[in-house]
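The values are calculated or read from the model by the stated rules, or taken from the named source; none is laboratory data. As the structure is a prediction and not an experimental result, all values here were calculated from the model. Cβ sites come from the backbone with ideal geometry, for glycine too, and all protein chains shown count toward neighbours. For accessibility, only protein heavy atoms count, side chains too; no ligands or nucleic acids. Shrake-Rupley method; radii C 1.70, N 1.55, O 1.52, S 1.80 Å.
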Amino acid sequence: MAQASTTKQQDLFEFSAEEEPPGHPATEVEEPPSLRLLRNREKFFGSVPDESWNDWKWQFRNRITSIEELSKLIFLSIHDQVSLRLVTEKFPISITPYYFCLINHDNSNDPVRRQAMPVYEEIALSGILSEDPLEEERDSVVPGMVHRYPDRVLMVVTDICPMFCRHCTRKREWRRGRWVRPPHEIDRMIDYIRNDPKIRDVIISGGDPLTLSTRHLEDILKKIRTIPHVEIIRIGSRVPVVMPQRIDDELCDMLSRYGPIWLNTHFNHANELTDEAKTACDKILRRGIPVNNQSVLLAGVNDSVEGQLQLCHGLLRAKIRPYYLFQADEVEGTEHLRTTVEKGLRIIEGMRGHTSGLAVPTYVIDLPGGGGKVPLQASYLVSRADGQLIFRNYLGKTYSYHNPRPAAASAGRSGRRKTNDQQMALELVAAK
Ligand SMILES: *Cc1c(COP(=O)(O)O)cnc(C)c1O
């Protein structure tokens, strides 16, 4: 202690970084993500100057896109090299240097690694699942646009992503080469939206729309904003997580001119919440763009109550709202990352009531065949008799609640009341 008071801030930082406190085995001490980033950058990209490292175009150009490049950075046995090359023939690899540095390379089950690094299971288990389970292609009204719900549409403006997430729902797109939707196709989508006054919410997705140049993205936003019935624009992007350097002032200034815009991003693990990623989100937030998070429930990444709490508490500290937790889609090449719905339900149950309601995302399953998203939650309604509803709370204690009779029903419309009873009975059956 006495020594610390005479030590400069910098030394203290290095001291706490290098030295394990006595009695704690190294494996139990989780390295803060920003520190891991710093160390890995030094180790793998030590000669890269800040100017390049902080330039998103450098990050994009220097993605790791082959097993050869990967094996120059980390040790891969000949056997691994051969099998991973087979995997990447079907499902290519792409990792930004930044994201690569968030991986704990000493841990083969590292949660960040599992999202980025190809594994043999992707093709070994292949053929079980489908390429496009959500039938987005069938639901396309004009090329690149999915109109599934009455008041909102999804525009797929590019298939380019800085990183190929191993759990990607649009893995099928990776082999088609890289494309950006040309202006005449954007115009067809814009015409479609213009001709349907019910559309009040336009979601710009991909690929990653923030890989477009700021000017190209501005062209799209500008066109959407010529349609008076479009109220909000949403941008779905993993760029704040995998290439936060992209979130520069020029982009943020541009976006702030086309609001209200909502940004949905995709953090899956607390180790992705580096200072860089949080700063990127903060920049967006300060331009009046709320940031929400859509994560995917992934085996060995975030499929525990503790993992989810760490993630969601970290998100709230960064002022990002946990919006959805997706049950992983039935996409070919992702089976090894999927979990059961029962597990997902238990995780959400372990969060609700135990922590801030704001930290609990809505757990949803996007139904195969284009059925859309449905929320999943354990039932807290235990039973019902004579207008008494019995609930259990988050601790498992039961409480009763007196349900008022619907005014219309008590005024003699017994047929209607019966329907309510039947409805309730159905719900109870469904809950069990
Ligand atoms: C997810 C999705 C939306 C948006 O759904 P919200 O529940 O409003 O976030 C819209 N269209 C399609 C096709 C989608 O998959």
- What list of ³J(HN,Hα) couplings, whole Hz, do you get for segment 314-327 from phi and the Karplus terms 6.51, -1.76, 1.60, once you set θ to phi - 60° and write x for glycine and proline? x, 4, 5, 4, 8, 6, 9, 8, x, 9, 10, 10, 8, 5
- Message: Residue by residue through segment 368-378, what is 3J(HN,Hα) from phi via Karplus (6.51 cos²θ - 1.76 cosθ + 1.60, θ = phi - 60°)? Round to whole Hz and write x for glycine and proline.
- Response: x, x, x, x, x, 8, 10, x, 10, 7, 4
- Message: Can you tell me the length gained on complete extension of the stretch THR226 to ASN107, counting 0.36 nm per residue apart and subtracting the Cα distance?
- Response: 37.8 nm
- Task: May I ask you to list the GluC sites (Glu not before Pro) in segment 247-304 that are in a DSSP loop and have at most 11 other Cβ atoms within 10 Å of their Cβ?
- Result: none
- Message: How would segment 140-376 be classified by its alpha-carbon gyration tensor: rounded, prolate or oblate, with rounded meaning a/c under 1.5 and the a/b versus b/c comparison settling the rest?
- Response: prolate
- Item | Long-range HN-HN contacts of LYS373 with modeled amide H, under 5 Å | LEU367
- How much length is gained on full extension from ARG175 to SER400, taking 0.36 nm per residue of separation minus their Cα-Cα distance? 75.4 nm
- Förster radius 41 Å - calculated FRET efficiency between ASP139 and SER383, Cβ distance, rounded to 0.05: 0.55
- Förster radius 22 Å - calculated FRET efficiency between ASP248 and SER52, Cβ distance, rounded to 0.05: 0.90
- Relative contact order of segment 183-286 (C-alpha contacts under 8 Å, at least 6 apart) in percent is 28
- Query: Around TRP262, which amide H atoms from residues at least 5 apart in sequence, or from another chain, sit under 5 Å from its own amide H, with H modelled in the peptide plane?
  - Reply: ILE233, ARG234, ILE235
- If a/c stays under 1.5 just call it rounded; otherwise compare a/b with b/c (prolate if a/b is bigger, oblate if not). Do that for segment 23-124, with a ≥ b ≥ c from the square roots of the Cα gyration tensor eigenvalues. oblate
- Accessible area per residue, Å², segment 140-376 with all protein chains present, probe 1.4 Å: 38
- Item | Under 5 Å, built H, 5+ apart or other chain: amide partners of VAL296 | PHE326
